[in-house]
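In what follows, a structure is listed as structure tokens, so that the remarks can point back to it.
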Number of protein chains: 4
Amino acid sequence: MKDHIFVSESRFRVRYAETDAMRIVHHSSYIIWFEEGRSEYMRQIGFPYSRLEKMGFYLAVTEIKARYLRAAKYDEEVIVRTSVGSLQSRGITFEYEVLRASNGELLAEGESKHICINSGGKPRRLPSEIVDLIRRSTYAV
Amino acid sequence: MKDHIFVSESRFRVRYAETDAMRIVHHSSYIIWFEEGRSEYMRQIGFPYSRLEKMGFYLAVTEIKARYLRAAKYDEEVIVRTSVGSLQSRGITFEYEVLRASNGELLAEGESKHICINSGGKPRRLPSEIVDLIRRSTYAV
Amino acid sequence: MKDHIFVSESRFRVRYAETDAMRIVHHSSYIIWFEEGRSEYMRQIGFPYSRLEKMGFYLAVTEIKARYLRAAKYDEEVIVRTSVGSLQSRGITFEYEVLRASNGELLAEGESKHICINSGGKPRRLPSEIVDLIRRSTYAV
Amino acid sequence: MKDHIFVSESRFRVRYAETDAMRIVHHSSYIIWFEEGRSEYMRQIGFPYSRLEKMGFYLAVTEIKARYLRAAKYDEEVIVRTSVGSLQSRGITFEYEVLRASNGELLAEGESKHICINSGGKPRRLPSEIVDLIRRSTYAV
């Protein structure tokens, strides 16, 4: 009866615009891929982030960490694996791994911390529905 | 005996980072989507642009035009349809349509002109293999 | 008694993130520089675009054209020269030139067309104050 | 006889393209501003990063951390303060603070770690000239 953690996967190709003069993917592109990762995570558990915003809630980013291990190049396929690292009443931490699809090599890993705010910028509790969906996805009973 | 034109399709979701403070996709994002469109076109005819670069050729952008008709929002699925508008020995013009996947509405259309250069920046003839592949894809006999 | 046209100038350095694997500035970066150009234009005539938005008006982009003549590299200083090409009651066209600061070479030129809309997306007349400021800046009496 | 630390300052306005649908600056833009910060640092100590690249060296990013405290909006002026946190023979850590120019509020802070590599991707010692310039700027004797 082991706990399981739900990990979503996004798969896409490196865009030319995401490269830089070192001929590899610019490090800021991974930050955007992390975001794409958590977008996919939310879609896969059945609560797209766009729906959260329609309800008047936002997940503001309070912290980003990224470690870069290997470079990716234009046209390569990458996979972003996203999971929830921790969940509080008003906050959430996502964890990411970016892999080269062709050989599974780890390119980068990182995490992002978020607080839930309303449109006025005030901290708010995450809607219970989303907390339940994440809990159910992430921890086995 | 009608001519046909090959049209490639890329399909992806709007990233949050591609939006701006008007809460819609920033107009520069479409320019990057056009690029993604022609990347997909090249892959689909069997000659990825990354292979062209490995041969020492580059398609430098000399002109961009875009017309914006409707806005797209975060999380919406869009389709980029790409075709070749004209082909010369040293140049190529791609044409684009960006559609909202959910209802087929045309969001934007545009074109990009390119010249083929070598790594030193000198204009060069496009490799005949690529010219043949585009000709075969684009014009029926 | 010749007409004069007001031309604003923005001056900044190429950011590393604006380059791509061709080791030059990515063509989409110029579209963002154009936007920075018209931001500066609005500031210099005394009506920052941020003020327009606070009044509930937006200048939505309906068309972009860009011609690329020479490449720019990381760390180079560039100058964006912006002027108003035409002005209608509900629309405006800006024109741009991007120059290399070190030798004045023209790197790119282009234009952007805009319509004035309200927050609901409906076309609206440009506030008369802004029309007057642009007219006064652009045409001598 | 207190040690001093050299801190470079870059000052610029938030671009519209740097905002997102929350109507504030997208968190990935700060990562690019950090890069602009270390570019300016290198220029100010007299060894622009572009010169390092011309010598065949690159500072590859191995780690990024950012903490976000307050939001910035379009058209606001920001200041990026950059200093060197630590210096090794083959690596360097930069530290950043992003401030709102109008009131000095701290918007974000972060750091980036780099290793020096050659064009083949092999770790290399930083050129002694650059080490000397940073040492001289950062520590008083």
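The values are calculated or read from the model by the stated rules, or taken from the named source; none is laboratory data. Remember, predicted model here, so these are calculated numbers, not experimental data. When we count neighbours, we look across all protein chains shown, and the Cβ atoms used for this are built from the backbone with ideal geometry, even at glycine. Surface areas here come from the heavy atoms of the whole protein model, side chains and all, with no ligands, DNA or RNA. Shrake-Rupley method; radii C 1.70, N 1.55, O 1.52, S 1.80 Å.
Number of residues in segment C:26-47 that are within 30 Å of A:Y74 (Cα to Cα), touching a Phe, Trp or Tyr at 6+ places or on another chain (Cβ under 7 Å) and open to solvent by 10 Å² or more (accessible area, probe 1.4 Å) equals 2.
Is there a residue in segment D:82-98 that is out of contact with any Gly (no Cβ under 6 Å at 6 or more places or on another chain), without any contact (Cβ under 8 Å) to a residue 60 or more places away in the chain, open to solvent by 30 Å² or more (accessible area, probe 1.4 Å) and closer than 13 Å to D:A60 by Cα? Yes, because at least one residue in segment D:82-98 is out of contact with any Gly (no Cβ under 6 Å at 6 or more places or on another chain), without any contact (Cβ under 8 Å) to a residue 60 or more places away in the chain, open to solvent by 30 Å² or more (accessible area, probe 1.4 Å) and closer than 13 Å to D:A60 by Cα.
On the stretch given as segment A:1-23, residues that are of a type in the set (A, V, I, L, M) and open to solvent by 40 Å² or more (accessible area, probe 1.4 Å) total 4. No other residue among A:S28, A:S137 is farther than 21 Å from B:A17 by Cβ and in contact with a helix residue (DSSP H, G or I) (Cβ under 6 Å, 6 or more places away or on another chain) apart from A:S137.
Looking only at segment A:32-53, decide whether some residue is of a type outside the set (A, V, I, L, M, F, W, C) and on the phi > 0 side of the Ramachandran plot. Reasoning before the result, please.
Just the residues of segment A:32-53 that are of a type outside the set (A, V, I, L, M, F, W, C), to begin with: A:35-41, A:43-44, A:46, A:48-51, A:53.
Within this subset, residues satisfying the condition of being on the phi > 0 side of the Ramachandran plot are A:46.
Within segment A:32-53, one or more residues are of a type outside the set (A, V, I, L, M, F, W, C) and on the phi > 0 side of the Ramachandran plot.
Summed over segment A:34-74, residues that are over 17 Å from the mean Cα position of the chain (by Cα), more than 10 Å from chain B (Cβ to nearest Cβ) and closer than 30 Å to C:R23 by Cα total 4. Before we move on, is A:I79 open to solvent by less than 50 Å² (accessible area, probe 1.4 Å), more than 29 Å from D:A72 (Cα to Cα), in contact with a Lys or Arg (Cβ under 6 Å, 6 or more places away or on another chain) and of a type in the set (A, V, I, L, M, F, W, C)? When the stated conditions are applied, A:I79 passes them.
Taking segment B:1-33 as the range and being within 10 Å of chain A (Cβ to nearest Cβ) and among the aromatic types (F, W, Y) as the test, the residues that pass are B:F12, B:Y16, B:W33.
Quick one: how many residues across segment D:107-132 are assigned to a strand (DSSP E or B) and either open to solvent by 40 Å² or more (accessible area, probe 1.4 Å) or under 18 Å from D:Y41 (Cβ atoms) (or both)?
So in segment D:107-132, the residues assigned to a strand (DSSP E or B) come out as D:107-118, D:123.
Within this subset, residues satisfying the condition of being either open to solvent by 40 Å² or more (accessible area, probe 1.4 Å) or under 18 Å from D:Y41 (Cβ atoms) (or both) are D:108-116, D:123.
The total comes to 10.
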